[in-house]
Structure formats: C-alpha cells, structure tokens
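*Asks:* This structure is in structure tokens; I'll ask about it shortly.
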Amino acid sequence: MTAPSLSPQIPDAAATLQLQLNGEPLSLPAGSTLQDLLLARGLDPASHATAVNGSFVARDARPAHLLQPGDAVTCFQAIVGG
C-alpha cells in the first residue's frame with residue numbers, strides 16, 4: 001500500500017490575473033474589469049480616478065475595461081477645490 005501524495009496544490013494560474021495596483025502586486029480572478037477591481041478593494045468608483053498602463057480610463061468605461069496580466073493600474077481619490 002502506498003502513502004497518498006502530499007504535494008501542495010498549485011492554484012490554476014489561468015484562473016487568476018496578476019497585476020499591480022499603485023505599485024503593489026495584486027491578484028484578481030481572470031476576466032476581471034477595472035470596475036471589479038475598485039469594488040473588490042472597497043473603493044468608491046464615483047470618487048476615484050483611474051489609469052491603466054498610464055492611460056486614463058473614464059468612469060463609464062470601467063465596467064467594460066478588461067484587465068490583462070501585468071497591467072499597472074493607478075487609482076487615486078480625485079480632489080477638487082479651489
């Protein structure tokens with residue numbers, strides 16, 4: 001009788017997306033959108049500005065903006081005043 005294998009389970013890399021948020025590594029489910037990222041991080045989409053790989057992404061474009069492996073996302077709270 002042989003002992004059961006004790007090898008660690010390796011997560012399916014295809015099921016996750018590795019990217020950066022404000023310079024920090026982040027893992028999200030594959031197929032995530034920019035809107036998904038904001039909601040997953042508890043960020044109010046109405047009060048944050050976003051860019052992906054240095055290009056501004058408008059608020060109304062976030063739900064359709066699919067994130068790609070290696071994307072660099074910048075997110076910050078917009079400040080207005082004068």
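*Asks:* Going by how many other Cβ atoms sit within 10 Å of their own, how do Thr16, Thr33, Thr50 line up, fewest first?
*Replies:* So the ranking, lowest neighbour count to highest, is Thr16, Thr33, Thr50.
*Asks:* Here's a follow-up. Dipole magnitude of the stretch 17-77 about its Cα centre, charges +1 at Lys/Arg Cβ and -1 at Asp/Glu Cβ only, in debye to the nearest 20?
*Replies:* Computed about the Cα centre, the dipole is about 40 debye.
*Asks:* Then there's this: Over the Cα atoms of the stretch 17-77, what Rg and Dmax result, in angstrom?
*Replies:* For the stretch 17-77, the Cα radius of gyration and maximum Cα-Cα distance read 10.1, 26 Å.
*Asks:* What number, in percent, do you get for the relative contact order of the stretch 17-77 if the mean sequence gap of Cα pairs under 8 Å and at least 6 apart is divided by its residue count?
*Replies:* Relative contact order here is 46 percent.
Bear in mind these aren't lab numbers, they're just calculated from the coordinates by the rules spelled out. Keep in mind the model is a prediction, meaning the values are calculated, not measured. Cβ: placed from backbone, ideal geometry, glycine included. Neighbour counts: every protein chain shown.
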